[in-house]
Every structure is written in C-alpha cells, then in structure tokens.
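The values are calculated or read from the model by the stated rules, or taken from the named source; none is laboratory data. These figures come from a predicted structure and were not determined experimentally. Cβ sites come from the backbone with ideal geometry, for glycine too, and all protein chains shown count toward neighbours. Ligands, DNA and RNA are stripped out before the accessible areas are found, and what is left, the full protein with its side chains, is counted by its heavy atoms. Shrake-Rupley method; radii C 1.70, N 1.55, O 1.52, S 1.80 Å.
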Amino acid sequence: MRKIPIEYAREGDTLGKTLYNNMGGMLLKEGSSLNEYIIDKLKAYGYLSIYIKDKYTEEDIEDIIKPEVVNRIYNLQGSLNNIIRNSNNGEKINSKNVRKNVKDLNEIIQEVVYDIVSSKTVLENLASISVYDDYTLTHSLNMMMLSTVIAKDIGFNMNEIKALATGCVFHDIGKTFLPIEIINKPGKFTDEEFRLVQSHTEKGYKFLTNHTDLSAVSRSISLCHHEREDGLGYPRKLKGDEIHIFNKIASISDVFDALTSDRPYRRAVPLPDAMEYLLASGGNHFNIDLIKVFSQSINIFPKDTFVQLSDNREGIIYEINSEFHTRPKVKIYGENGKKVAPYIINLMEYNNIVIEKVIHIFSFDENN
Ligand SMILES: [Fe+2]
C-alpha cells in the first residue's frame, strides 16, 4: 500500500484504506476497485491523496488503531465538540457531561497507547495511521501516535507516555471555540485573525482545567504545543528549558503530521521533506536532540514507496532496514529511464547510492 496524489490514481488500482466522510460514515470501502468515475468523484470531494494497492503491492499493513476504535473516539470527540459549539451559542457547559465524555475518551486512549507502544508498524509504515476526512480528528490521533513513539524511544515509563498521549488527543480542543471559517481559512490570516487562532491554546487549556479531571501535564499540552525553543512561539513565548519536554515532543509531532497531511489549501509534503524541514530548523524552533530521536524512530521510506535512486535507477521499497531507515532493500524496475527485469538491491551494500526522492510513477512505460 502506498499513498499517492489523487492525479496518479489509475483505473484498476485498489483503494488501500477506507475513506470516510466528515460525519464518520463510510464513503468508499478499502478494497474497492477504482475507475475513472470514482476517481473523479473523489477529486470532487476534495481528496488530494489516497492510499492504493496495485500490482506492485506486496502485502497489507495492519491498522494500529482499529477502525471500530477510531469510530468510538470519533463519536466521543464529536459530542464533546458539540457541547463546545453550543456553548459558543450561549448554552452553559454541562461539566458533568464533559467529565464523563473525557473520562470515556481517556480510557480508550490508555488502551490504544499499549497497542502503539507494542507495535513496530507505526514506526515502519506511517500508512498505518488513520485517514479520516475530519482533519482535526485524524491529526490529533496521528500526533498522539507520533508523540507516543518519541516518548517510548526516549525511555519514558508507561504512566508518563499515557499522560502525554492523552494531552495530545486534546491538544487542539480550543479550536472548537473559534469560528469554523477561521479554522478552515485557506489564505493568510490577518493580524487580528492570527491573534484569534493563537487563542485556541488558552481557550483549550481553560476548558480542560475547568471541566475535566485531566492531569496538569496532560492539560499543559493544549496550552504549550505552539511554544518554540527560540521563544518565537505562543502564547507565552517560553524558551528552551522553560518548556516541558512533553510540550517539546508534542510540538514536533504536531508540525510533522500537519506537514504530511493534505490540507484544503495545500497537498501533503512527502515524509522525507517533512523530516528534512524539522532537521533544518532544529535547534531554532525545535529541540534538536528530540528531532534526532524522532528521525531515527520514524521510517520516512515506508514499504511500497516508489523511489528514484541517485544512480538513476527507479524502484520500490522492498524491505525496511529497522536500523537504518534510509538504507532499505529496493526492488529495481528501471535504469536510466528504461524498464529492466526486476531485481533487488540492498542499499546497505552500496554506500555510494542514496535514495534521491520519492516518485509516484516510473518515468518509463511499465507496459513495454
Ligand atoms: Fe494547535
């Protein structure tokens, strides 16, 4: 399975992951065969990328969070969001309902964290993370998974990891207090709009503090996930050691997942480019030691990714190397723009060859 921009979807490809609409209902089931009509429909729906399986796909990827569990989380998040939206219209927030809702959500998250910690899949194939039409939901779950992975690799204990994970799921809850037009605005914000957007941190923190029993550490993530090492973040412009390590982790996974997700106004950035961005800005915005842990934990070249090598060969990631993610085995299908009989090379044995970039189709005609 691999993620491709929708323009590269072809008649005969199989949908790799079920697509849901923004009500959590199923739009197109995994395994459906794609044709021109369906592909056009998906484009019209606004999908920029999809997961597909094709003749090059070796095997399925297990879901880390089972769709039923994602649905339960989705429903609980949805009713929590409704409570907040109604409060925007003047209705009083019923703390008892919120407490119960957050407690139920938290219980599910505690379970899910075990699955993430005990599975290698999320490290090796980011395609295993959920795709929902609702960006905020998908994003908070993905960000939670990435944060969990970093925390585990640093060596935090299970209670600490759970507190971090819970905080991540609620990190952007404050956005529900903002007008939906602002959240989805494609262009640049005016100064006033930007101040309003920034207020999601304080609004979320205040809400969680007043209406839930979440721990201080979990709540602080809603307040501090936009703080930056160099003090250029918000809301309090904290610097370096003033920022709790959980918030440093959360800020890295927040940005990484945002970059690698499609947004209404821009397409997802390829995983290697997003990692490059973090490494390049390391030390300024983000904690460089944490980024190093992150870059070693997360595989930016998942199985089935089409790649071009520095010696002009084209192929598909065939076998991941858990020790060195950038040196996997690659099944070669083309050389210098010409199709060749497929063979496998192990990049561990060729230190002079690197993966140059992720591609979506081969440059040669596959049928010739
Ligand atoms: Fe945020």
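Key figures
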quantity	calculated
Among (1) more than 16 Å from the ligand (Cβ to nearest atom); (2) modelled with pLDDT of 95 or more; (3) surrounded by fewer than 16 Cβ atoms within 10 Å (Cβ to Cβ) - the single one Arg236 does not satisfy	(1)
Tally of residues being loosely packed, with under 12 Cβ neighbours inside 10 Å and not in a helix (DSSP H, G or I) across region 92-109	1
Strands (runs of 3 or more DSSP E) contained entirely in region 284-363, each with at least 1 residues that are of a type in the set (Asp, Glu)	313-319, 329-335, 355-359
Pair list, Cβ < 7 Å and 6+ apart or interchain, from region 158-174 residues that are in the same structural domain as Ser140 (by TED's automatic domain parsing) and closer than 13 Å to Met145 by Cα to residues that are more than 11 Å from the ligand (Cβ to nearest atom) and among the basic types (Lys, Arg)	Ile161/Lys152; Gly167/Arg219
Where Leu259 falls short, out of the listed (1) open to solvent by less than 10 Å² (accessible area, probe 1.4 Å); (2) under 19 Å from the mean Cα position of the chain (by Cα)	(1)
Matching residues, region 342-368, being at pLDDT 90 or above and among the acidic types (Asp, Glu)	Glu349, Glu356
Qualifying residue in region 206-219 (condition: open to solvent by 20 Å² or more (accessible area, probe 1.4 Å) and within 13 Å of the ligand (Cβ to nearest atom))	no
Failed item, numbered, when Phe156 is tested on (1) within 16 Å of the ligand (Cβ to nearest atom); (2) surrounded by fewer than 24 Cβ atoms within 10 Å (Cβ to Cβ)	(1)
Residue tally, condition assigned to a helix (DSSP H, G or I), modelled with pLDDT of 90 or more and of a type outside the set (A, V, I, L, M, F, W, C), over region 9-49	4
